[in-house]
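What follows is a set of notes on a single structure, which appears directly below.
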Amino acid sequence: MADVLKIGTYELRSRLIVGTGKYPSTEVMQACHDASGADMVTVAIRRINIDDPAGRTMLDFIDRACYTILPNTAGCYTAKDAILTAKLARELLETDLIKLEVIGDQQTLYPDTRGTLEAAEKLVADGFTVLPYIGDDPIACRQLEELGCAAVMPLAAPIGSGLGVCNPYSIRIIKERAGVPVIVDAGVGTASDAALAMELGVDALLMNTGIAAAADPVRMAIAMKHATAAGREAFLAGRMEKRLYASASSPMRDLIGTPK
């Protein structure tokens, strides 16, 4: 059976979600989207320039026949601003999807947990399919799920840091307790980070800077595609038990001519 990711009423074949920021050009961005194999692309609504003299915006460079657009509330520092931005996204894109971000600190870009919970509750009540960006806090993730969020998106490390999964134990706890998809968001810097995160059992990854800031973004997009898939397959396969001592691959008792 196909290993399909279900988020609310949406189904995705790829477990890699990619962004649209920091690319050297829109042409490179498009090539990376294609190379990543992603089905979903996230767009910061507050960064869409509707005053372009040519009348074009970021949305004109995304093929909506190929990609599901996940609008996000990046740049919002209050629940009020995030809710307003989500409503603007719904009008602009005719979608109930929203990646909720309520930032609490300008330097670390860590989420404001209280503001995120407040905004999530109101957006869920208003009919949105809410995917909230949150810290790697099992309690906050449980509370967001209880409010009706369609997924939870704990950070692996600060946004754009490329530090990888800083606290795999918290991510494992979040996944073990969650009844909705767990999507690691922020901090993945290279393919090994992606594979490790997926091996922890999370359902998907969202990344932007790890691809866009690479020396060769298109090649990194390909690497992230394979790493995400490999990590998922390894998790489903179930890794061998770790042992302190060696264990022969070919036990002596099974060899022909072994002394009795």
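The set of residues from region 20-37 being assigned to a loop (DSSP other than H, G, I, E, B) and touching a residue at least 40 places away in the same chain (Cβ under 8 Å) comprises Thr20, Gly21, Lys22, Tyr23, Pro24, Gly37.
Consider region 172-192 and keep the residues that are out of contact with any helix residue (DSSP H, G or I) (no Cβ under 7 Å at 6 or more places or on another chain) and closer than 21 Å to Gly104 by Cα. The one that is surrounded by the fewest Cβ atoms within 10 Å (Cβ to Cβ) is Ile183. Within the bounds of region 152-164, is there any residue that is closer than 13 Å to Ala86 by Cβ and open to solvent by less than 10 Å² (accessible area, probe 1.4 Å)? Checking region 152-164: not a single residue is closer than 13 Å to Ala86 by Cβ and open to solvent by less than 10 Å² (accessible area, probe 1.4 Å). Out of all the residues in region 142-150, is one or more over 18 Å from the mean Cα position of the chain (by Cα) and either open to solvent by less than 50 Å² (accessible area, probe 1.4 Å) or among the charged types (D, E, K, R) (or both)? Checking region 142-150: at least one residue is over 18 Å from the mean Cα position of the chain (by Cα) and either open to solvent by less than 50 Å² (accessible area, probe 1.4 Å) or among the charged types (D, E, K, R) (or both).
Please verify whether region 239-247 includes one or more residues that are out of contact with any Pro (no Cβ under 8 Å at 6 or more places or on another chain) and crowded, with 18+ Cβ neighbours inside 10 Å.
No, because not a single residue in region 239-247 is out of contact with any Pro (no Cβ under 8 Å at 6 or more places or on another chain) and crowded, with 18+ Cβ neighbours inside 10 Å.
Those helices (runs of 4 or more DSSP H) of region 170-238 in which at least 2 residues are without any contact (Cβ under 8 Å) to a residue 60 or more places away in the chain, considering only elements entirely within it, cover 191-199, 217-237. Here is the figure for region 112-129: residues that are open to solvent by less than 50 Å² (accessible area, probe 1.4 Å) and either at pLDDT below 95 or under 12 Å from Gly148 (Cβ atoms) (or both) total 7. The residue list Ala195, Ala229 contains one member that is open to solvent by less than 30 Å² (accessible area, probe 1.4 Å) and modelled with pLDDT of 95 or more, which is Ala195. Screening Thr85 with (1) among the polar types (S, T, N, Q); (2) free of Cβ contacts under 8 Å to residues at least 60 places away in the same chain; (3) in a loop (DSSP other than H, G, I, E, B) gives one miss only, at (3).
If the condition is being touching a strand residue (DSSP E or B) at 6+ places or on another chain (Cβ under 7 Å) and closer than 20 Å to Leu155 by Cβ, then region 87-112 contributes Leu97, Ile98, Lys99, Leu100, Glu101, Val102, Ile103, Gly104, Leu109, Pro111, Asp112. Residues in region 59-82 that are assigned to a helix (DSSP H, G or I) and open to solvent by 80 Å² or more (accessible area, probe 1.4 Å): Asp60, Lys80.
Within region 215-224, one or more residues are in contact with a Gly (Cβ under 9 Å, 6 or more places away or on another chain), open to solvent by 10 Å² or more (accessible area, probe 1.4 Å) and within 25 Å of Ser25 (Cα to Cα).
The values are calculated or read from the model by the stated rules, or taken from the named source; none is laboratory data. Values in this document were obtained by computation on a predicted structure and should not be read as measured data. Neighbour counts run over all protein chains shown; Cβ positions are idealised from the backbone, glycine included. Keep in mind that these areas ignore ligands, DNA and RNA; they rest on the heavy atoms of the full protein, side chains included. Shrake-Rupley method; radii C 1.70, N 1.55, O 1.52, S 1.80 Å.
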